[in-house]
Every structure is written in structure tokens, then in C-alpha cells.
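A.B. asks: There's a structure below that I have some questions on.
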Amino acid sequence: MIRIMLVEDDSLLSRSLVNGFTHLGYEVVAVGAAGEALRRLKDEDVDVLISDQNMPDLPGTELLARVRRDHPDVVRILYTGVRELKVAQDAINRGKVHRYLPKPFALEDLAREIRHALRETRDETARRLRRRLLRQDPRLAATEECVTVDPLWAANVADGLRASLASTPSRLAPTRPPPPPES
């Protein structure tokens, strides 16, 4: 189950989002402050962290920058009612947010963005692990080269084999039809 940490100080909005995400099948941990989120992340695993920009103790962009530094595989999403270019730039450049959403937003839109961001993050994590494994053991790179086949080359080989088999009588299959069964 996907685990979301929601960082929102507005209790009404927080309850609404928690109920919506729970209904969609997510497990949700809600916290009311950025500092609390950072403390809990030390002991709890989450897949996604969603934060409002305007938090009482720390801006959402700063929270997401710290989460990026300490928990790089956590998907980071920021939403805000403030439409300032600087906020968007900080979110993207410092926090490397996966998604930036202006308020108001529909729960379905946020859920779709979560799915897309999770897919992107998992793909990137798989690529990063693959590169690390290939650096650690050069034999894996050689094996991968042997296993990787050019599709055009494989199609040409298959065509050649088919043509060769079609023109050569088979020793495994009879060349004449079998006699009829005795009654």
C-alpha cells in the first residue's frame, strides 16, 4: 500500500484530504507542521510527502529541500494558494518537487499526479540501481551486452532460419503422410 505523509496545518483541509486519500486506498499520515514531518521521517517510511507551502514553522519549499537531501526516494509534491514565481522556482530548483499544484485542486488531479510521480521515481530508482550494479561488477555489463539483442538482427536471423528449415527436409517429421489407422 502506498503511504503518504500529508503536511497541512489547516485541520479542515487535512481531514478532507486524509479521508479522500484513504477512500482511494492510500495509507495516510497527517502532520500539522514541517518540523513534525522531519522528526517522523526519521522513524517512518513514506512513499510520498505532500506539503502546503505556507506552514507555520518552515516553508514547504524548505521542507521539501530537506526531504530531498535526507530521503531522496520520497516523492515530493507541493501545493500552494500563493501564486508567486519565486515559490515555484524554489520548489523546482531546491526541493526538486515531482509536482507543483496551485490551490484549489481536485483530489482526483492530485491522485493522478501521485501515480505519475511514483512511476517516474521508481523508474529512475531502477535506472540508478542498475548503473550502480554495473559499476560494481563489470561482468554484469558484459552479460548484459550478451543478452541485449538488436531486434532487426534477431528478425533477420529468424527469417534465415525459417528459410533454411523450409528448404531442408526434416529428419524429425515424416515426409510422407502416415498410413491410415487399421480398423
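The values are calculated or read from the model by the stated rules, or taken from the named source; none is laboratory data. All values reported here derive from a predicted model rather than from experimental measurement. As a convention, Cβ positions derive from the backbone with ideal geometry for all residues, glycine included, and neighbour counts pool all protein chains shown.
A.B. asks: Which residue pairs have Cβ atoms closer than 6 Å, lie 6 or more positions apart in sequence or on different chains, and pair a first residue in segment 1-17 that is assigned to a helix (DSSP H, G or I) with a second residue that is surrounded by 13 or more Cβ atoms within 10 Å (Cβ to Cβ)?
C.D. replies: Close Cβ pairs (under 6 Å, with a partner that is surrounded by 13 or more Cβ atoms within 10 Å (Cβ to Cβ)) amount to Ser14/Glu8; Ser14/Ala30; Leu17/Leu6.
A.B. asks: I'd like to check something: does segment 125-134 contain any residue that is over 19 Å from the mean Cα position of the chain (by Cα), at pLDDT below 85, more than 30 Å from Val18 (Cα to Cα) and not acidic (Asp, Glu)?
C.D. replies: The answer is yes; a qualifying residue exists.
A.B. asks: Would you say Met1 is under 15 Å from Tyr79 (Cα atoms) and within 22 Å of the chain's Cα centre (by Cα)?
C.D. replies: Against the criterion (under 15 Å from Tyr79 (Cα atoms) and within 22 Å of the chain's Cα centre (by Cα)), Met1 does not qualify.
A.B. asks: Counting only residues that are at pLDDT 95 or above and among the acidic types (Asp, Glu), how many does segment 58-92 have?
C.D. replies: 1
A.B. asks: Go through segment 39-64 and report how many residues are more than 20 Å from Ser11 (Cβ to Cβ) and in a helix (DSSP H, G or I).
C.D. replies: 4
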